[in-house]
Amino acid sequence: MIHFQPEQPVESAPYSEAVARLRSVRQALALVEMFEGRPRRDPAEIAFEELLPLAPQAVQRCADHRSIRVAGTAAAGIEALIGAETAGETPHPAAIDVLGDTLRRDLAGIQALFAGRA
């Protein structure tokens, strides 16, 4: 099973785990986009983690819960793609598109929490 763990030690600030999950989801999206044949997305295009500690607690909690959900989606989707590749199968293009669209939509939803806070 794939788990998204931070590559670097996570700072002890509140919601730092959410920030680490969101960074991992961004990496997962880059992998999905590679499967889609799209050019790799500029990481700065989905950068809102710096705003999380400055947000009101309600927004922080919402972002934390959403990051858990989207990280689970990313892990399951990437596991399915890699499993198909390992089995010598070609992942169905529609499945790849759905996963990519879902991750983009979920990240955009989290980013919308911080609209106007930059």
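The values are calculated or read from the model by the stated rules, or taken from the named source; none is laboratory data. Since this is a predicted model, take the numbers as computed values, not measurements. These area figures cover heavy atoms from the full protein model, side chains too; ligands, DNA and RNA do not enter into them. Shrake-Rupley method; radii C 1.70, N 1.55, O 1.52, S 1.80 Å.
Take segment 51-98 with all the other protein chains still there, run a 1.4 Å probe, and you get 57 Å² of accessible area per residue. Per the Debye formula on identical point scatterers at the alpha carbon atoms of segment 63-118, with no solvent, log10 I(q)/I(0) at q = 0.12, 0.28 Å⁻¹ is -0.35, -1.08.
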